[in-house]
Amino acid sequence: MKIMQLCVGAVATNCYIVYDENSREAAVIDPGDNAPSILHAVAEEKLTVKYVLLTHAHFDHILAAHEVLEKTGAKYVVPEGDLWLLKHENMRPFRALARGYIEDTPDIVATEGTQVTFGNLIATYMNTPGHTPGSSVIQIEDCLFTGDTLFRHECGRCDLEGGDFSQMLHSLKRLHDLEGDYKVLPGHEGLSTLSEERVANSYMLQAVGK
């Protein structure tokens, strides 16, 4: 498995291109903006994008989705709990930053345990509400793409519509309790590991009663 990380858009969202080296099949996770940059990276590596995967549907994770879907023919995978966020009317609070948004219909509505395969890689959805109702962590091999659920030493904000801090704590506890260690690739800022977050993330420590 190879991973390319691009920082895109007005609020510096991490977009990830994950691909199988042998088949060159790929998934784009959270295409937040700057579709030309994403498509250029795909073309440079001669990849076939099979899926666009969302961790959640806030504007800063989806603004480039339409163009990436249109140019690659990929299937669009959106968490069930965030389907409402795709609607144009729900972009109004962010209209200054979400200009040009084009709504697309998902091909696959992801729920707990939904899996998609590209090459020899399997992406599995874990529902981790708190930031939004549909917020999800996507596991691929030893990597957790955590969107705005888990950041390095932080967690996502819970004060936007659909946010719930009590659900966030439950989700952080679930991640804490996973067996073994994982690389943590969040929706913003720097990378981490689950072992580091278990000892250094105050929100995760609160979630487990420490």
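Okay, here's what the table says:
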item	result
Over 12 Å [Cα-Cα, region 159-210], rounded percent	66
Loop-located GluC sites (Glu not before Pro) in region 1-75, at most 12 other Cβ atoms within 10 Å (DSSP)	GLU21
Solvent exposure of region 83-210 as accessible area per residue, Å², 1.4 Å probe	49
Percent carbon-and-sulfur accessible area, the chain, ignoring ligands, DNA and RNA, probe 1.4 Å	47
Taking all pairs of distinct alpha-carbon atoms in region 79-146, Kirkwood radius in angstrom	13.4
Whether region 117-177 is rounded, prolate or oblate, judged on the alpha carbon gyration tensor where a/c under 1.5 counts as rounded	prolate
Selection of trypsin sites (Lys or Arg not before Pro), region 17-107, meeting DSSP coil and at most 14 other Cβ within 10 Å	LYS46, LYS87, ARG95, ARG99
Rounded FRET efficiency, nearest 0.05, which uses the C-beta distance separating GLU89 from LYS2 and R0 of 35 Å	0.35
For region 73-210, share of DSSP beta bridges that run antiparallel, in % to the nearest 5	70
Kirkwood hydrodynamic radius of the chain, from inverse mean 1/r over distinct Cα pairs, in Å	16.9
Helix-only CD estimate at 222 nm, as mean residue ellipticity for the chain, using -39500 (n - 2.57) per DSSP H run (n ≥ 4)	-5500 deg cm²/dmol
Trypsin sites (Lys or Arg not before Pro) within region 116-175, DSSP loop, no more than 16 other Cβ atoms inside 10 Å	ARG157
Within a Gaussian network of the chain (alpha carbon springs, distance under 10 Å), most fluctuating of VAL11, VAL78, VAL52	VAL11
Listed residue pairs exceeding 26 Å between alpha carbons, taken from LYS2/LYS87; LYS46/LYS87; LYS50/LYS87	LYS2/LYS87; LYS46/LYS87
DSSP-defined antiparallel bridges as percent of all bridges, region 14-104, nearest 5	35
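The values are calculated or read from the model by the stated rules, or taken from the named source; none is laboratory data. Nothing here was measured: the structure is a model prediction, and the numbers come from that model. As a convention, Cβ positions derive from the backbone with ideal geometry for all residues, glycine included, and neighbour counts pool all protein chains shown. To get the accessible areas, we keep the full protein, side chains included, count just its heavy atoms, and leave off ligands, DNA and RNA. Shrake-Rupley method; radii C 1.70, N 1.55, O 1.52, S 1.80 Å.
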